[in-house]
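*Asks:* I have a structure I would like to understand better, so I am pasting it below and will then ask my questions one at a time.
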Amino acid sequence: MASARPRCSPGCSRVWAGAPTRSFRTACGTGTTSGPRDTAVEAVAAARAAGIEVIVTDHHLPGDALPPASAVLDPRRADCPSVDKDLCGTGVAFKLAQALVPALGVSPHLPLHFLDLVALATVADVVPLTGENRILVRHGLKLLAASHWTGVRALVDTAGLGGKPIKAGHVGFILAPRLNAAGRIGDAMDGLRLLLSDDPDVAAAIARELETLNARRQELDQRILDEAVELAERVLRPEDHALVLAADAWHPGVIGIVASRLVERYGRPTFLIGWDEGSDVGRGSGRSVAGFDLHAALQRVGHHLEKYGGHTMAAGLTIRREHYDAFRVAFLAVARDLLDPDDLVPAQRVDLELPLGLVSEELEKLIRYLEPCGPGNPAPVFGVRHARAVGARRVGTNHLRFTLDDESGALPAIAFQVADAVPDHWLADRLDVAFRLERDEWQGRETLQARVAAMAPSE
């Protein structure tokens, strides 16, 4: 059996060490990564040769060759009849658990025991909150607020959400970043240890460590963002329909987050590449704009890359330094071919113009019926014209807090990640502002506030 073992990750090696007869391989298993060698296919083939049954679950676009597993469960397979193509990896595993219930003779309610974890994963993976995802998240969030998992409770409590109703936004902006911080800049096993822990003291200690790691991750995000913006201002030309940047010492665990910020700032598909220390190999992460399929674009320029994979809106790649210039030129050409200049103008959808005098507690309660909100089911965006930003002040690393006043009413407002980009004269003039209405809690007091989605000087 030892001779049949492929080269694989430490996690895979631990599975082999247990001499199993059955194995489940989850996430990124169907060969979505394009490159010179498909390790998923190799590992599964070796396991089958050793007499181990393997079931693969995944949610990515499959590659040309599927692993030779007993079953490959992936809603994105061309021959999969499922109408829910947007399940995250954990969602696919949950559906497998549901399907196994009759064969195992266990209670059909047992898989529901895991719905809080499914909700956490679904929101964290930024998949559309439509179809079955919406159902799973809606019910899972109810369990998440009082989770029976010791580690999840510790994560929620450490983040200051204990005893409160949890929304999808709390998961996306508070819980998931803390859980992901371990894998981004620390040891990913810490996140797993937290979720598996039955000891409240151990779980609390791990959750505090993740809190510290997340703070460090935020500092790293800001440093790389500052460097990337400075570089973009030097190299980005008006005729460029995409942005590709590379630098030494850009941490691969956070460049995807920074790429998202650059897409918001420049309105272009963006790839950031960080060169590995002491190596000519770089790892990149990309984010896209509506109407530009990032994975399809990489397929057209993949001959410049060692490997790549991903989705329509997000993708990753590995590249050698000597191929960077050719890749950049080719990717910009693809973007120029597929995107019109109008596609590059950042635009914010507004559902309803709303004088601030009409904002009320009753309106906010009505909006809650639309939850869970996120990709595919965005929270409503309101617009107000000719308003003033009263008492604007910088808070945190790059945020603005002020009172939004349109003379019919006033509302506290927060604008994230804009302090460096908003000119001072904007704040002295009338503004058109798009915002989402939310409830803010500070020192035990809850108030309504506007979370600014976009703002610009009034015409």
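The values are calculated or read from the model by the stated rules, or taken from the named source; none is laboratory data. Please read all numbers here as calculations on a predicted model, not as lab measurements. We place every Cβ from the backbone using ideal geometry, glycine too, and count neighbours over all the protein chains shown.
*Asks:* For residue 138, state whether it is surrounded by 20 or more Cβ atoms within 10 Å (Cβ to Cβ) and basic (Lys, Arg). Please lay out each step first, then the result.
*Replies:* Details: surrounded by 20 or more Cβ atoms within 10 Å (Cβ to Cβ): no; basic (Lys, Arg): yes.
No: the conditions fail for residue 138.
*Asks:* Look through 201, 190 and report the one residue that is assigned to a helix (DSSP H, G or I), outside the structural domain of residue 324 (by TED's automatic domain parsing), without any contact (Cβ under 8 Å) to a residue 40 or more places away in the chain and in contact with an Asp or Glu (Cβ under 8 Å, 6 or more places away or on another chain).
*Replies:* Working: 201 fails: in contact with an Asp or Glu (Cβ under 8 Å, 6 or more places away or on another chain).
Step by step, each of 201, 190 is checked, and only 190 is assigned to a helix (DSSP H, G or I), outside the structural domain of residue 324 (by TED's automatic domain parsing), without any contact (Cβ under 8 Å) to a residue 40 or more places away in the chain and in contact with an Asp or Glu (Cβ under 8 Å, 6 or more places away or on another chain).
*Asks:* Looking at segment 394-406, can you tell me whether even one residue there is closer than 22 Å to residue 357 by Cβ, in contact with a Leu (Cβ under 6 Å, 6 or more places away or on another chain) and either modelled with pLDDT under 95 or small (Gly, Ala, Ser) (or both)? Reasoning before the result, please.
*Replies:* Residues of segment 394-406 closer than 22 Å to residue 357 by Cβ: 401-406.
Then keep just the ones that are in contact with a Leu (Cβ under 6 Å, 6 or more places away or on another chain); that gives 404, 406.
So of that shortlist, the ones also either modelled with pLDDT under 95 or small (Gly, Ala, Ser) (or both) come out as none.
Checked against the condition, which is being closer than 22 Å to residue 357 by Cβ, in contact with a Leu (Cβ under 6 Å, 6 or more places away or on another chain) and either modelled with pLDDT under 95 or small (Gly, Ala, Ser) (or both), segment 394-406 yields no hits at all.
*Asks:* Now a separate question. Could you tell me whether segment 119-130 includes any residue that is part of a helix (DSSP H, G or I), touching a residue at least 40 places away in the same chain (Cβ under 8 Å) and either in the same structural domain as residue 444 (by TED's automatic domain parsing) or within 22 Å of residue 369 (Cβ to Cβ) (or both)? Before the answer, list the steps.
*Replies:* Within segment 119-130, the first condition is being part of a helix (DSSP H, G or I), and the residues that meet it are 119-124.
Applying the additional criterion that residues be touching a residue at least 40 places away in the same chain (Cβ under 8 Å) yields 119-120, 123-124.
Filter once more, keeping what is either in the same structural domain as residue 444 (by TED's automatic domain parsing) or within 22 Å of residue 369 (Cβ to Cβ) (or both): 119, 123.
Within segment 119-130 (the criterion being part of a helix (DSSP H, G or I), touching a residue at least 40 places away in the same chain (Cβ under 8 Å) and either in the same structural domain as residue 444 (by TED's automatic domain parsing) or within 22 Å of residue 369 (Cβ to Cβ) (or both)), the answer is yes, since at least one residue qualifies.
*Asks:* Could you look through segment 330-385, keep only residues that are small (Gly, Ala, Ser) and out of contact with any helix residue (DSSP H, G or I) (no Cβ under 9 Å at 6 or more places or on another chain), and pick out the one that is nearest to residue 144 (Cα to Cα)? Give the steps one after another, and end with the answer.
*Replies:* Going residue by residue through segment 330-385, those that are small (Gly, Ala, Ser) are 330, 333, 335, 347, 357, 360, 374, 376, 379, 383.
Of the ones still in play, those that are also out of contact with any helix residue (DSSP H, G or I) (no Cβ under 9 Å at 6 or more places or on another chain) are 347, 357, 360, 383.
Values: 347: 34, 357: 35, 360: 28, 383: 33 Å.
Across segment 330-385, the extreme among qualifying residues is 360.
*Asks:* Name every residue in segment 159-187 that is part of a loop (DSSP other than H, G, I, E, B) and at negative phi, in order of residue number.
*Replies:* Going residue by residue through segment 159-187, those that are part of a loop (DSSP other than H, G, I, E, B) are 159-167, 186-187.
Those that are part of a loop (DSSP other than H, G, I, E, B) and at negative phi: 159, 161, 162, 164, 165, 166, 167, 186, 187.
*Asks:* Conditions: (1) exposed (fewer than 14 other Cβ atoms within 10 Å of the Cβ); (2) not in a strand (DSSP E or B). Residue 380 meets all but one. Number of the miss?
*Replies:* Failing condition for residue 380: (1).
*Asks:* Taking helices (runs of 4 or more DSSP H) that do not extend beyond segment 1-109, which have at least 3 residues that are farther than 26 Å from residue 307 by Cα, over 25 Å from the mean Cα position of the chain (by Cα) and at pLDDT 90 or above?
*Replies:* 89-104
*Asks:* Quick test for you: out of 318, 312, pick the one residue that is within 21 Å of the chain's Cα centre (by Cα), in a loop (DSSP other than H, G, I, E, B) and under 26 Å from residue 60 (Cα atoms).
*Replies:* Values: 318 fails: in a loop (DSSP other than H, G, I, E, B).
Result: 312 is the single residue among 318, 312 that is within 21 Å of the chain's Cα centre (by Cα), in a loop (DSSP other than H, G, I, E, B) and under 26 Å from residue 60 (Cα atoms).
*Asks:* A further question on this structure: If a residue must be more than 27 Å from the chain's Cα centre (by Cα) and crowded, with 18+ Cβ neighbours inside 10 Å, how many such residues does segment 321-356 contain?
*Replies:* Summing the residues that are more than 27 Å from the chain's Cα centre (by Cα) and crowded, with 18+ Cβ neighbours inside 10 Å in segment 321-356 gives 2.
*Asks:* Hey, another quick one. Report yes if some residue within segment 385-400 is in contact (Cβ under 8 Å) with a residue 60 or more places away in the chain, in a loop (DSSP other than H, G, I, E, B) and surrounded by fewer than 17 Cβ atoms within 10 Å (Cβ to Cβ); otherwise report no.
*Replies:* yes
*Asks:* Looking at (1) part of a helix (DSSP H, G or I); (2) more than 30 Å from residue 120 (Cα to Cα), find the lone condition where residue 364 falls short.
*Replies:* Only one criterion is unmet by residue 364, namely (2).
*Asks:* Regarding segment 226-233, can at least one residue be identified that is farther than 25 Å from residue 374 by Cβ, buried (at least 20 other Cβ atoms within 10 Å of the Cβ) and touching a residue at least 24 places away in the same chain (Cβ under 8 Å)? Please lay out each step first, then the result.
*Replies:* Within segment 226-233, the subset farther than 25 Å from residue 374 by Cβ is 226-233.
When the remaining residues are screened for being buried (at least 20 other Cβ atoms within 10 Å of the Cβ), the result is 228.
Next, only the ones that are touching a residue at least 24 places away in the same chain (Cβ under 8 Å) stay: 228.
Yes: one or more hits.
*Asks:* State the number of residues belonging to segment 181-212 that are touching a Leu at 6+ places or on another chain (Cβ under 7 Å) and among the aliphatic types (A, V, I, L, M).
*Replies:* Qualifying residue count, segment 181-212: 8.
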